[in-house]
Amino acid sequence: MPFKLEKKNFLYIGIGLIILSFIFFVFNASKDNKFRFVVLGCMHAGACDFQDYETAVEKIKKHNPDFVLFLGSTVDVVPRIDNKLDTILAFKKGLKLSEKDIEARWKIFDKITKQLKVPVYDLASERSLPANNLGPAEKQFLKRYKKRFYSFKFKNNLFICLDSESHNSPDLKNRGLIDGEQLEFLKKALKSSSRYNNVFIAMHQSAWNPRFTSFIRESKWYEVVHPLINGKVKYVFGACLHFLEQIKIDDVHYITSGSAPCWPDKEKANAFPHFLIVDVDNDNISIKVEPLYPIPLEALFKDEYVPIPSEQIGSVRELTNEERISFYRPEEVINSINIKPDVKVLDLGAGTGLFSFLFAEKLNSKGVVYATEIEQEKIDYLNTQIKQKGIKNIIPVLVNPTGLDPFYKKHTFDILFLCAVYEVIREGKDYLSQLKESMARDGRLYLIFLKLDPDFSQAEFGSFKSLIKQLVLMDKNHPIHLGLSEKTRHLLETLPDKQLISDELKSLLVKDLNSLLNDRWLYLRMRQNFLNIRKDDPVFMKALALPQSRQLGQWLIAELDKNKVFDLDTIDISEEDNRRIRRLNRIMIERTFYMHELNKLLFADIPVYQEKEKLISDFAEIGLELTNEFNILPCHYFLEFKAKQ
């Protein structure tokens, strides 16, 4: 019997075909909305070697992007000075390339870029469009990109490329300020933002970056641009600062990228040449980082806080760090101790023998130093050093890591020396109560332990270059800048070379910052300064402290506020609150300058702190009385005890 199609069958078939067509359309539309692009910033080709750019292009090709978005300073047409990319100094000295040389650099760039075989887009920057040589430089830029600010679309995504250098000021003022015609262009582009899967913005200057309040103030970013783009733009890409960082403010992800291959800022975190690989799948976006060259591990952790795993505390490499040793002033410590001939010295937790070898030298082979350690690695290191130096009166001893080792009970010591050890001894009070029995009748115990809130010391600032650079860039109305003495500010303003920093300026800076530690109103001024820029209190709490100190900072503020320390009507505050103010101010200053040398070098995030007065009281209870305090160390107490008779 022949099969007959009834009308309702046609209807079902038609509906089925429509559904299949819709599924096919959706599948292909979804597939068609997948793409990849690469973001590359601050190659400085021309000022840096073009070979680095060739390396970048070769690596980019392997990822098969649909297009490449440069973040400016791709071609650099400003001469280098003393091997540095110092734009302002070049402008001041009137240094510029000839039109012929500018064109030659762009032609080399074109030749290398053609290998990508995909569209490329670039942004205006202060070194591709220098204010003192704008005519010939702009001619080459516009020849390739037509406009200084523009937009383009790709697979239902909108890309808005802004000109952060529109004011082209020789003093680099008002960078990142989007106003006039460009602001109207941005507003118009954003009106249709809802049509697109995603909207991206790119500009050279990372004008939003909270590390540089002067940039935020001059660009008026959080007053003008951020309110416009919030809720409409997912990602904003910028460069110029030569490090890699991502922050999220409200609904906007701000990414700072790019680092000059020939001049990475070694004092900043994540300052390494790289590019970003951005994969877009409808409204899903993933971003990966591709370095141009292998990255030394320590280069990733220059500025960012990295907790030290307990099993790595005091490794040989860490303990022999010259910067760390400078905090302890070993020669001054040894010279402070009355060391008689033929005495027995116990260097408990001797580490790599920083003090053991000095004790041995002072004894002049007439006494003995027992250098105890709980790790075989340290004992092996000590034995090697002893053999190499030909020293006869140091005896390394491996002891148990828990409890008082029987070795101590077998000996009597004239000098017991503990440097940065007591903080990590479990049940330290009980431990020393037992160890005291091994002290000679006229013996002395010397204890070096970390202060809870020490003054700033020069050792914490290293070469001072990073601190100076940040202070020079800092808004002159910033509370910390205003807290500097008139003489300090004058020296900063007249500093001829940021690489040559006088001892006088270093001393003044440390003195001024230490003065700010006791400033009762610093928190309120810092908060108001931030709110004048951002008008967002919760974000200030994030900007208040480095991650390891953020919760402590918030707790300190709550306690001080509860005690009405920030009320103008409160005249007298307790000593405890004074200590809290000091701790809070140190946290804020450390965050402002991204400091954590104290933590990194002295393992200050590991020990449980104890107030000096409490420690002295505890020692008195076990029969040890304080006989002397030496004020020679910047970050540590150095105390002498004897047994009560």
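Filtering the range 617-636 down to residues that are part of a loop (DSSP other than H, G, I, E, B) and under 20 Å from residue 326 (Cα atoms), which residue is farthest from the chain's Cα centre (by Cα)? It would help to see each step written out before you state the result.
To start, the set of residues in the range 617-636 that are part of a loop (DSSP other than H, G, I, E, B) comprises 622-623, 630-635.
With the extra rule that they be under 20 Å from residue 326 (Cα atoms), the set shrinks to 630-635.
Values: 630: 34, 631: 31, 632: 30, 633: 26, 634: 23, 635: 22 Å.
Among those that are part of a loop (DSSP other than H, G, I, E, B) and under 20 Å from residue 326 (Cα atoms), it is 630.
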* Those residues of the range 235-261 which are over 19 Å from the mean Cα position of the chain (by Cα) and surrounded by 24 or more Cβ atoms within 10 Å (Cβ to Cβ), in sequence order -> 236, 237
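Go through the range 342-416 and tell me which helices (runs of 4 or more DSSP H), entirely inside it, have 3 or more residues that are over 19 Å from residue 432 (Cβ atoms). Even if it seems obvious, please write down each step before you answer.
Values: elements: 356-363, 376-389, 406-409.
Once the helices (runs of 4 or more DSSP H) in the range 342-416 are filtered for at least 3 residues that are over 19 Å from residue 432 (Cβ atoms), what remains is 356-363, 376-389.
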* Asked: What are the residues in the range 423-437 that are basic (Lys, Arg) and either open to solvent by less than 40 Å² (accessible area, probe 1.4 Å) or under 14 Å from residue 374 (Cβ atoms) (or both), if any?
  -> 426
* Considering only the range 342-356, state which residues are touching a strand residue (DSSP E or B) at 6+ places or on another chain (Cβ under 7 Å) and of a type in the set (A, V, I, L, M, F, W, C). => 343, 345, 346, 348, 350, 355
* To do: Find all pairs meeting these conditions: Cβ atoms under 8 angstrom apart; at least six residues apart or on different chains; first residue within the range 402-413 and farther than 21 Å from residue 441 by Cβ and open to solvent by 30 Å² or more (accessible area, probe 1.4 Å); second residue of a type outside the set (S, T, N, Q) and assigned to a loop (DSSP other than H, G, I, E, B).
  => 402/426
* **The one condition in (1) surrounded by 16 or more Cβ atoms within 10 Å (Cβ to Cβ); (2) part of a helix (DSSP H, G or I); (3) among the charged types (D, E, K, R) that residue 475 fails to fulfil** => (2)
* Structure fact -> Taking the range 219-234 and keeping residues more than 15 Å from residue 193 (Cα to Cα), open to solvent by 30 Å² or more (accessible area, probe 1.4 Å) and assigned to a helix (DSSP H, G or I) leaves 223, 224
* Have a look at 497, 512, 537 and point out the one that is modelled with pLDDT under 80 and touching a Leu at 6+ places or on another chain (Cβ under 8 Å). => 537
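Taking the range 358-400 as the region of interest, how many residues are among the basic types (Lys, Arg) and under 36 Å from the mean Cα position of the chain (by Cα)?
Qualifying residue count, the range 358-400: 1.
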* Tally the residues that are among the basic types (Lys, Arg) and in contact with an Asp or Glu (Cβ under 8 Å, 6 or more places away or on another chain), restricting the search to the range 221-262. => 1
* **Qualifying positions in the range 45-79 - part of a loop (DSSP other than H, G, I, E, B) and touching a residue at least 60 places away in the same chain (Cβ under 8 Å)** => 46, 47, 49, 63, 65, 66, 71, 72, 73, 77
* **Pair list, Cβ under 9 Å, 6 or more apart: the range 179-191 residue open to solvent by less than 20 Å² (accessible area, probe 1.4 Å), other residue of a type in the set (Lys, Arg)** => 182/148; 190/232
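Looking at 440, 360, 420, 371, which one is surrounded by fewer than 16 Cβ atoms within 10 Å (Cβ to Cβ) and in contact with a strand residue (DSSP E or B) (Cβ under 7 Å, 6 or more places away or on another chain)? Even if it seems obvious, please write down each step before you answer.
Numbers: 360 fails: surrounded by fewer than 16 Cβ atoms within 10 Å (Cβ to Cβ); 420 fails: surrounded by fewer than 16 Cβ atoms within 10 Å (Cβ to Cβ); 371 fails: surrounded by fewer than 16 Cβ atoms within 10 Å (Cβ to Cβ).
The conditions single out 440.
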* Asked: Does any residue in the range 221-236 that is in contact (Cβ under 8 Å) with a residue 24 or more places away in the chain come within less than 6 Å, Cβ to Cβ, of a residue that is open to solvent by less than 10 Å² (accessible area, probe 1.4 Å) and among the aromatic types (Phe, Trp, Tyr) six or more places away or on a different chain, and which pairs are these?
  -> 221/208; 235/200; 236/254
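The values are calculated or read from the model by the stated rules, or taken from the named source; none is laboratory data. Just so we're clear, the structure is a prediction, and the values are computed from it rather than from any experiment. Every residue, glycine as well, gets a Cβ built from its backbone with ideal geometry; the counts of neighbours run over all protein chains shown. In case anyone asks, the SASA skips ligands and DNA or RNA and just uses the protein heavy atoms, side chains included. Shrake-Rupley method; radii C 1.70, N 1.55, O 1.52, S 1.80 Å.
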